[in-house]
């Protein structure tokens, strides 16, 4: 499986919209999609990963620091149903953490 990356800025907001002649087709497609709108998906934002042996894991306690494979400021991975779909940055929204997507990962399904 190959993947191609592109920035959200690369999306064309002036892309051709369906003409009035396509309205019947668009309405049918929209109705077909409505069936999937309520399907739940799991979204995960991964700050980084680490590998360790079980004995090292058992030695961890309160205040222990686990070093991750990412550097400060490096993009985090965003997964939907365990599939990498984007990269982004951590943001603070009021008193909660959030993620802003900076790059969509386009993958070819084979």
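Overview of results
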{"quantity": "Counted residues, segment 61-86 - those being exposed (fewer than 12 other Cβ atoms within 10 Å of the Cβ) and either within 19 Å of residue 108 (Cβ to Cβ) or in contact with a strand residue (DSSP E or B) (Cβ under 7 Å, 6 or more places away or on another chain) (or both)", "calculated": "3"}
{"quantity": "Subset of segment 69-100 (residues that are farther than 11 Å from residue 45 by Cβ and in a loop (DSSP other than H, G, I, E, B))", "calculated": "69, 70, 71, 72, 73, 74, 81, 82, 94, 95"}
{"quantity": "Residue match in segment 22-45 (condition: modelled with pLDDT under 95, surrounded by 12 or more Cβ atoms within 10 Å (Cβ to Cβ) and assigned to a loop (DSSP other than H, G, I, E, B))", "calculated": "no"}
{"quantity": "Residue check, residue 57 exposed (fewer than 10 other Cβ atoms within 10 Å of the Cβ) and in a helix (DSSP H, G or I)", "calculated": "no"}
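The values are calculated or read from the model by the stated rules, or taken from the named source; none is laboratory data. Note that this is a predicted model, so its numbers are computed, not measured. Glycine gets a Cβ as well: all are built from the backbone with ideal geometry, and neighbour counts include every protein chain shown.
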